[in-house]
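A short worksheet on the structure shown next.
The values are calculated or read from the model by the stated rules, or taken from the named source; none is laboratory data. For clarity, every value in this text was computed on a predicted model and none was experimentally measured. Heads up, the Cβs are rebuilt from the backbone with ideal geometry, glycines too, and the neighbour counts pull from every protein chain shown. Heavy atoms of the whole protein, side chains included, go into the accessibility calculation; ligands, DNA and RNA do not. Shrake-Rupley method; radii C 1.70, N 1.55, O 1.52, S 1.80 Å.
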Amino acid sequence: MLKKRLNFLLDNGWKILVILAVSYQAMIIPLDLLFALRNHEWYQGLDLLVTLIFILDLLQNINRYRKIKRHAFYKDIYWDTYSAKGYFVSDILAVLPYAFLFAHPGLQLLRMFKWVKVLRTFRFYQIRHVRQSNRITLWFLMFALFHFGHLFTCLWLGIHGMEPGLSPIDNYVQSFYWTMTTLTSVGYGDIIPKGNVEMMYTVFLEVIGFAAFAFLVGNIVSIFSRKDPAQQRFLENMEKLKALIHYRDIPVELERRISDFYTYEWKQKLGYDENSLLDSLPRGLRQELELEFRKRAIKNIPIFEGVDDNFVREVAQHLTPLVLTPGDVLFRAEEEAHSMFFVQRGVLKVFARDEKRVLTQLHEGDFLGEIAIFKHSARTATVKAISYADLYELDRTEFERAMEKYPDIAERIMQKSKTREDRYI
């Protein structure tokens, strides 16, 4: 487990290091074309360091691709490898130290092919870390916007030229200010393009800015406007209720109860349609996910604390969810017993046979209905919900089968059942 955790941290740390190296190159190469930074020793040293990182990343990707290709499982799900030829070619083009091998500084722009790695890495994180996908998307949009702004800033400086009397830093800041105001279509008019080339570049930047800004705003709005699935289902159900009321004459009290139930579903995060997700999964994954839902209900029951995982698994796979609204009767005294129940949430009252005397209340973690099953008799009491209640139902046949297989657990339940029976009767 520790080794797996360490490999995970190293792999993610390396991906982040490569992204930082690509970000540095995207920043420094346009500045080098403007200010001839390659003549400085620090530039040469950092360029060699980036080259080394790109080479190591290339070798690591080749090795990873070979391992995944031989793996029966991973080869079908890990697409961020050299299975796409263009990905491999882009890494090759980005790995050469153009600043030293070739005289023309413009060839350094080939380093930008490493951006393919950045795009694929962000996409990989979106898919593999679903819970953080919105944050990852937002960070990527900010990351891309900053780099696009930097690139267009340098292009403007190359076209417009340096303002005399201003330092290189001041020129860059002023150009960056103009670029961002133009990209976002704000344009205060305090910096005016001169000549046909600058005007055409401004028009080009405005068109690019319009498209980019619309894309950016659309994605950000989409992230923040996505409704909670439970809320979305709640709104849909309320619209259906409105339509029902319009076409059918139902009592106001029934309308209120239905509305209250939908509200309860929403507040408890039960209203989203998990069945549609379950139906889309293959049989094995669907059963495992359903089992995970129900295992928690079993483990939350005090009497099952510390029981064998095999028992939990055996019982959980036969549980059926059940929701009661306030006032609903779960079963009445003298009814035939076909199952027992586990309370997951809510409060229920247990009444004597006359349904007047309250024997006890049941809460989360309690179970009920086992007395009649153990005695092979009819129900000995009446049970009503006094609040919304979520339960799991276990069929009598499955319950008896599990008790035969795990006699120590059967003894626990029988002892508690005997105590209850003595108190109720």
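Only one of the numbered conditions (1) open to solvent by 80 Å² or more (accessible area, probe 1.4 Å); (2) at pLDDT 80 or above is violated by ILE136, and that is (1).
Evaluation of VAL307 against the conditions (1) open to solvent by 30 Å² or more (accessible area, probe 1.4 Å); (2) touching a residue at least 12 places away in the same chain (Cβ under 8 Å); (3) over 19 Å from ARG396 (Cβ atoms) shows that the sole unmet condition is (1).
Here ILE371 clears all of (1) in contact with a Ser or Thr (Cβ under 6 Å, 6 or more places away or on another chain); (2) at pLDDT 85 or above; (3) of a type in the set (A, V, I, L, M) except the condition numbered (2). Given the criteria assigned to a helix (DSSP H, G or I) and open to solvent by less than 70 Å² (accessible area, probe 1.4 Å), does GLU198 qualify? The answer is yes for GLU198.
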